[in-house]
Amino acid sequence: ARLSNDLRQAIIRDELFLVYQPIVELPHGRLAGVEALVRWRHPEHGLVSPAVFIPLAERDGQIMEVGRWVLEQVIHQTARWQREYGADAPTKVSVNVSARQLNEPGFPAEMEALLSAAGLDPARLVVEVTETAVLGTGVALDVVRRLHELGLSIALDDFGTGQSSLSLLVDCPVTWLKVDKSFVDGVTSDSPQAVIVNGLIGITRGLRMQAVAEGVETAEQAEWLYQAGYRFAQGYHFARPMPASDVELLLTLRD
Ligand code: G
Ligand code: G
Ligand code: MN
Ligand code: NA
């Protein structure tokens, strides 16, 4: 309850901030995009993980304000990169959207208003949703379809760990399949996870989607994934989540 009250003040007191984790192209590791991840610097407890406060905010409804703040920040940052770096700007910026936001029928209109106010091309933005969030109700699937119609692309996050319904890949306009770290962790051993990660490449190819391997931590995993057909990856082996200014350093250093 304390933390929940504190979160109410966090936006006003400017305690939330965003970091961006590079998504890279294999095998060379060229920057393909970034994923925005929210952080909370609590005045007493220091950094509070979104793994703690996002579920909390989902339960008490504050996710609507937190989610809106995240979206505004991401859209402004992306528009600024587009203006200042043009063709060299991060091609795609991903933002995580929670179940509550997806169940808000007004969400696509809110998204459209924010994009047009910032003059941002919707094609720059990727909305990351989880299987569980989309499967909840008919509203969520409809909202996802409308976001796609606006020109945003959709990423299915943590794929394989939710209520993995393959029919979702049929019903939902998914462009990016983000294969969860828990599977990627097992690729270099003779494991069921390796078989699944291998198999998902065939599915994404056939369905004209792109697979992204999440949580890549070693060169061996990166090499294995490349050999298996993966062209996109994300993880500490390549880069940790970083402030926007560090992303700009990468942009100026890029080829
Ligand atoms: O960044 P980190 O690995 O600590 O994130 C932990 C969890 O919080 C992940 O599941 C991630 O998707 C989620 N998360 C991070 N930032 C956001 C955000 O801006 N919105 C939502 N809804 N979830 C986020
Ligand atoms: O649920 P989602 O995939 O959005 O969560 C992404 C989270 O995973 C972020 O909090 C990010 O900090 C974390 N992350 C990204 N790459 C790695 C990695 O290589 N190893 C570990 N342990 N965590 C990672
Ligand atoms: Mn994500
Ligand atoms: Na994920």
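For residue 36, state whether it is aliphatic (A, V, I, L, M) and in a helix (DSSP H, G or I).
On the way: aliphatic (A, V, I, L, M): yes; in a helix (DSSP H, G or I): no.
Criteria not met by residue 36.
Considering only residues that are farther than 16 Å from residue 27 by Cα, aliphatic (A, V, I, L, M) and assigned to a loop (DSSP other than H, G, I, E, B), look in region 200-218 and name the one that is farthest from ligand 3 (Cβ to nearest atom).
The qualifying residue farthest from ligand 3 (Cβ to nearest atom) is 207.
Give me a count of the residues in region 219-236 that are at positive phi and within 15 Å of ligand 3 (Cβ to nearest atom). Full working, then the answer.
So in region 219-236, the residues at positive phi come out as 229, 235.
If we keep only those that are within 15 Å of ligand 3 (Cβ to nearest atom) as well, we get 235.
Qualifying residue count for the region: 1.
May I ask you to say which residue of 60, 14 is loosely packed, with under 15 Cβ neighbours inside 10 Å, touching a Ser or Thr at 6+ places or on another chain (Cβ under 8 Å) and either closer than 25 Å to residue 233 by Cβ or not hydroxyl-bearing (Ser, Thr, Tyr) (or both)? Write out each step before concluding.
On the way: 14 fails: touching a Ser or Thr at 6+ places or on another chain (Cβ under 8 Å).
It is 60.
I'd like the full set of residues that are within 16 Å of ligand 2 (Cβ to nearest atom) and not basic (Lys, Arg), limited to region 79-126.
If the condition is that a residue be within 16 Å of ligand 2 (Cβ to nearest atom) and not basic (Lys, Arg), then 93, 94, 95, 96, 97, 98, 99, 101, 102, 125, 126 are the ones that fit.
Taking region 97-129 as the region of interest, how many residues are assigned to a helix (DSSP H, G or I), of a type outside the set (D, E, K, R) and farther than 22 Å from residue 139 by Cα?
Going residue by residue through region 97-129, those that are assigned to a helix (DSSP H, G or I) are 99-102, 107-118, 122-124.
In the following step, the residues that additionally are of a type outside the set (D, E, K, R) were identified as 99, 101-102, 107-109, 111, 113-118, 122-123.
Checking the rest, the ones that are also farther than 22 Å from residue 139 by Cα come to 116-118, 123.
Summing the residues that are assigned to a helix (DSSP H, G or I), of a type outside the set (D, E, K, R) and farther than 22 Å from residue 139 by Cα in region 97-129 gives 4.
Could you list, ordered by first residue, the pairs with Cβ atoms under 9 Å in which the first is in region 207-218 and free of Cβ contacts under 8 Å to residues at least 60 places away in the same chain and on the phi > 0 side of the Ramachandran plot and the second is in a loop (DSSP other than H, G, I, E, B) and near ligand 2 (Cβ under 10 Å from one of its atoms), at least 6 apart or interchain?
215/180; 215/185; 215/234; 215/235; 215/236
If you check 78, 91, which single one turns out to be of a type in the set (Val, Ile, Thr) and surrounded by fewer than 19 Cβ atoms within 10 Å (Cβ to Cβ)? Give the derivation first.
Values: 78 fails: surrounded by fewer than 19 Cβ atoms within 10 Å (Cβ to Cβ).
Exactly one residue qualifies, and that residue is 91.
Could you please tell me which pairs satisfy a Cβ distance under 6 Å, a separation of 6+ or placement on different chains, a first residue in region 34-51 that is within 16 Å of ligand 4 (Cβ to nearest atom), and a second residue that is at pLDDT below 95?
That search, which allows pairs on different chains as well, returns 34/90.
From the list 30, 2, exactly one residue is surrounded by fewer than 14 Cβ atoms within 10 Å (Cβ to Cβ) and within 30 Å of residue 227 (Cβ to Cβ). Which is it?
Numbers: 2 fails: within 30 Å of residue 227 (Cβ to Cβ).
Checking each option against the conditions leaves just 30.
Among the residues that make up region 171-184, is at least one of them within 13 Å of ligand 3 (Cβ to nearest atom), charged (D, E, K, R) and without any contact (Cβ under 8 Å) to a residue 40 or more places away in the chain?
Just the residues of region 171-184 that are within 13 Å of ligand 3 (Cβ to nearest atom), to begin with: 176-181.
Those left that are additionally charged (D, E, K, R): 178, 180-181.
Narrowing the set further to residues that are without any contact (Cβ under 8 Å) to a residue 40 or more places away in the chain leaves 180.
Yes, the conditions are met somewhere in region 171-184.
Before we move on, is residue 197 assigned to a loop (DSSP other than H, G, I, E, B) and of a type in the set (A, V, I, L, M, F, W, C)? First the steps, then the outcome.
Working: assigned to a loop (DSSP other than H, G, I, E, B): no; of a type in the set (A, V, I, L, M, F, W, C): yes.
Against the criterion (assigned to a loop (DSSP other than H, G, I, E, B) and of a type in the set (A, V, I, L, M, F, W, C)), residue 197 does not qualify.
Can you tell me which residue is modelled with the lowest pLDDT among those in region 176-223 that are within 16 Å of ligand 2 (Cβ to nearest atom), surrounded by fewer than 18 Cβ atoms within 10 Å (Cβ to Cβ) and β-branched (Val, Ile, Thr)?
188
The values are calculated or read from the model by the stated rules, or taken from the named source; none is laboratory data. Computed from a predicted model, the values in this text were never measured in an experiment. Cβ coordinates were reconstructed from backbone atoms using ideal geometry, including for glycine residues, and neighbour counts include every protein chain displayed.
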